[in-house]
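Taking it in order: structure first as structure tokens, then the write-up.
Any read-out appearing in this document is the output of simple, stated calculations on the displayed coordinates, not a laboratory observation. Since the structure is predicted, the reported quantities are computational estimates derived from the model, not experimental observations. Note that each Cβ is placed from the backbone with ideal geometry, even for glycine, and that neighbours are counted across all protein chains shown.
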Amino acid sequence: MIVAPKPAQPKPVHLFAAMLDRVHAAASEVLGSAADLSRIVVEPPRDPTHGDMATNAAMVLAKDAGFKPRDLADKIAAALSADSLVEKVEVAGAGFINLTLRAHVWSDALRDILEKDKEYGRGTIGGGEQINVEYVSANPTGPLHVGHGRGAVFGDALASLLAFAGYDVTREYYINDAGAQVNVLARSAFLRYREALGEDTGEIPDGLYPGDYLKECGEELATDYGDKLAKMPEAEWLPIVRLRATDMMMAEIRNDLASLRIVPNVFFSERSLIEGDAPDPFSTLEPAIRPKDVVATTIEQMRKLGHVYEGRLPPPKSGNLDDWEDREQTLFRSTAFGDDVDRPLLKSDGSYTYFATDIAYHKSKLDRGFLKLIDVWGADHGGYIKRMKAAVSALSGGKADLDVKLVQLVRLLRAGEPVKMSKRAGDYVTLREVVAEVGRSAVRFDMLYRKNDAVLDFDLAKVIEQSRENPVFYVQYGHARGHSIFRMAQTEMPGFPADPEQRLQELKKAALGRLTDEGELSILRKLALYPRLIEAAAAAHEPHRVAFYLYELASEFHGQWSRGKDLPHLRFIIQNDPEMTLARLALVQGIVTVLASGLGLLGVDAPEEMR
């Protein structure tokens with residue numbers, strides 16, 4: 001079933017977008033309406049002493065226009081100097097244009113926050129387009145570990161960020177319930193079943209899963225089947241035990257995800273692609289005529305398109321012959337789509353390669369109308385990216401875009417020392433154990449306070465410290481500090497509303513032009529940056545940018561509060577100046593609104609009190 005894309009949404013309206021429009025207008029005034037303005041950006045300068053915003057307009061337009069960048073920059077700067085929002089324009093270096101905006105621009109940005117409240121920062125760049133974000137997708141062979149948790153948190157935060165930026169997002173979990181690993185799970189559960197029947201099974205053999213989590217499965221099988229399974233040959237009991245074990249493991253995994261408030265929209269079974277034994281809620285075919293083997297159907301469709309052939313692969317140039325077979329085999333012509341070598345689809349025993357089922361799975365996404373796909377994988381799958389991108393390109397005729405985000409390892413520490421393994425899981429610490437110890441918010445924020453492709457040292461002692469060195473505490477404390485200021489205002493300013501909505505209406509009346517201290521203006525500039533930050537983070541698929549931004553905003557807020565301790569005229573509540581107090585409380589409202597918004601996107605609590 002293919003769903004038609006939603007109509008494009010209006011262009012986002014915020015300060016940086018408004019200034020980009022003005023730069024476009026100035027460039028068109030100089031060069032004419034035919035100029036290609038698509039590469040122009042307006043962004044904060046790296047050095048804040050250079051102004052409020054900078055643009056590369058002259059640098060990207062000069063060559064096509066036949067100008068030297070500096071000369072063109074002078075002309076565009078002259079046009080911008082007449083703009084009502086611009087206080088000063090300077091040309092720097094080879095042709096960058098630095099802009100200093102008038103003071104009222106920043107108070108206007110705060111007023112925009114007060115008007116939009118929780119909707120401030122919501123973008124429209126997605127235009128309602130469908131996008132599929134697949135993440136976690138761990139084998140259902142045991143509880144999730146901390147590494148799985150990092151992929152889960154990253155994928156979930158990215159999905160929230162994209163939805164806030166205007167995309168129609170589907171969160172998806174691909175259940176790897178086919179292949180050798182689930183047969184190993186079944187044999188491990190069968191051993192626990194025999195144990196539950198009273199047999200002395202001895203040490204768990206190498207190659208089976210040793211964790212205690214399968215004991216419950218064995219006990220349930222013993223209760224439901226008695227010794228019947230024990231009397232069957234493996235070919236008969238294996239599918240029974242495999243289905244029971246995978247169902248129980250998926251229930252466990254759902255609970256693991258729920259401990260982080262992660263609830264995928266879709267759980268898609270790999271086995272259903274091969275056996276057709278799971279209902280397909282997306283199929284428009286009647287069950288009686290639904291293809292049983294979707295992988296085979298996909299391979300034949302690709303063969304008709306010339307993307308699959310029978311041939312031999314040359315030995316790898318690396319000289320590593322472990323996975324190479326000199327035989328005639330079914331191959332995907334992935335080199336035609338940018339890969340290094342064509343890829344096998346069938347093993348020597350006739351079963352499918354993992355790649356073959358992955359191709360069929362991604363075809364399912366395309367058939368459901370998704371032309372934007374994001375896969376979140378572990379770092380050990382980096383060598384798999386080219387072939388998957390090639391397959392999506394072939395399946396979609398080049399229309400679909402697949403972005404693969406790799407999530408690096410997590411090293412679990414306690415006060416700098418590696419954490420011992422979990423008895424329950426057998427050879428690793430489970431995600432749920434970590435969440436139970438330090439809390440959901442600490443897990444989520446700390447995992448997002450590093451770029452996804454950087455190794456993460458997750459220290460159980462440090463993530464619960466109450467200090468500036470602990471980012472989640474520092475940001476949450478910023479939100480709580482804002483609300484403590486509101487409570488103080490209720491005590492010291494008779495009539496100041498306690499109700500959040502009434503408070504917001506009162507603060508909309510504030511004389512925001514009174515906010516002229518450089519620390520206040522710096523915070524206002526940071527608040528005005530939030531909508532652009534959302535757009536940039538969503539476009540780059542990088543939710544860590546939101547975490548970094550929140551830490552910087554909280555740091556500026558804490559810094560301004562500390563300045564008020566030493567300089568009483570900078571305090572947020574000035575008893576003999578109610579107008580100034582109301583303006584500063586409006587600034588606090590802007591801060592807590594943006595902190596709460598950003599924390600919400602990351603799936604982190606925004607407490608109003610911290611003890």
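Side notes on the structure shown:
- Selected residue (criterion: farthest from Asp342 (Cα to Cα)) from residues of region 357-390 that are aromatic (Phe, Trp, Tyr) and buried (at least 18 other Cβ atoms within 10 Å of the Cβ): Phe370
- Yes/no for Ala489 being buried (at least 18 other Cβ atoms within 10 Å of the Cβ) and over 26 Å from the mean Cα position of the chain (by Cα): yes
Condition check ((1) within 22 Å of Ile131 (Cα to Cα); (2) in a strand (DSSP E or B)) across all residues:
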site: Tyr309; (1), (2): no, yes
site: Leu313; (1), (2): no, no
site: Ser318; (1), (2): no, no
site: Lys363; (1), (2): yes, no
site: Leu366; (1), (2): yes, no
site: Ile374; (1), (2): yes, yes
site: Asp380; (1), (2): no, no
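- Test: residue in region 206-222 that is in contact with a helix residue (DSSP H, G or I) (Cβ under 6 Å, 6 or more places away or on another chain), of a type in the set (Phe, Trp, Tyr) and under 28 Å from Thr430 (Cα atoms): yes
- Selection within region 12-40 - β-branched (Val, Ile, Thr) and either under 20 Å from Lys68 (Cβ atoms) or crowded, with 17+ Cβ neighbours inside 10 Å (or both): Val23, Val30, Ile40
- Only listed residue being more than 18 Å from Phe268 (Cα to Cα) and surrounded by fewer than 16 Cβ atoms within 10 Å (Cβ to Cβ), chosen from Ala394, Ala415: Ala415
- Answer residue from region 318-356, given it is surrounded by fewer than 16 Cβ atoms within 10 Å (Cβ to Cβ) and among the small types (Gly, Ala, Ser) and is nearest to Leu305 (Cα to Cα) among those: Ala336
- Index of the failed condition, Ser597 passing every other in (1) part of a helix (DSSP H, G or I); (2) surrounded by fewer than 20 Cβ atoms within 10 Å (Cβ to Cβ): (2)
- For region 529-582, the set of residues classified as free of Cβ contacts under 8 Å to residues at least 12 places away in the same chain and not charged (D, E, K, R) consists of Ala536, Ala540, Ser562, Gly564, Leu567, Pro568, His569, Ile574, Asn576, listed by residue number.
- Any hit, region 152-166, residues being in a helix (DSSP H, G or I), out of contact with any strand residue (DSSP E or B) (no Cβ under 6 Å at 6 or more places or on another chain) and among the charged types (D, E, K, R): yes
- Residue that is farthest from Met493 (Cα to Cα), among those in region 552-593 that are polar (S, T, N, Q) and not in a loop (DSSP other than H, G, I, E, B): Ser555
- Taken over region 145-159, the residue count meeting the criterion of being out of contact with any His (no Cβ under 8 Å at 6 or more places or on another chain), of a type outside the set (D, E, K, R) and buried (at least 24 other Cβ atoms within 10 Å of the Cβ) is 9.
- Glu520 vs. criteria more than 15 Å from Ala554 (Cα to Cα), assigned to a helix (DSSP H, G or I) and not basic (Lys, Arg): no
- Meets criteria (outside any loop (DSSP other than H, G, I, E, B), touching a His at 6+ places or on another chain (Cβ under 9 Å) and not acidic (Asp, Glu)) for Met388: yes
- Residue in region 115-123 that is touching a helix residue (DSSP H, G or I) at 6+ places or on another chain (Cβ under 7 Å) and under 30 Å from Arg70 (Cβ atoms) present: no
- The residues of region 509-555 that are crowded, with 17+ Cβ neighbours inside 10 Å, of a type in the set (A, V, I, L, M) and over 17 Å from the mean Cα position of the chain (by Cα), listed by number, are Ala510, Leu512, Leu515, Ile523, Leu524, Leu527, Ala528, Leu529, Leu553, Ala554.
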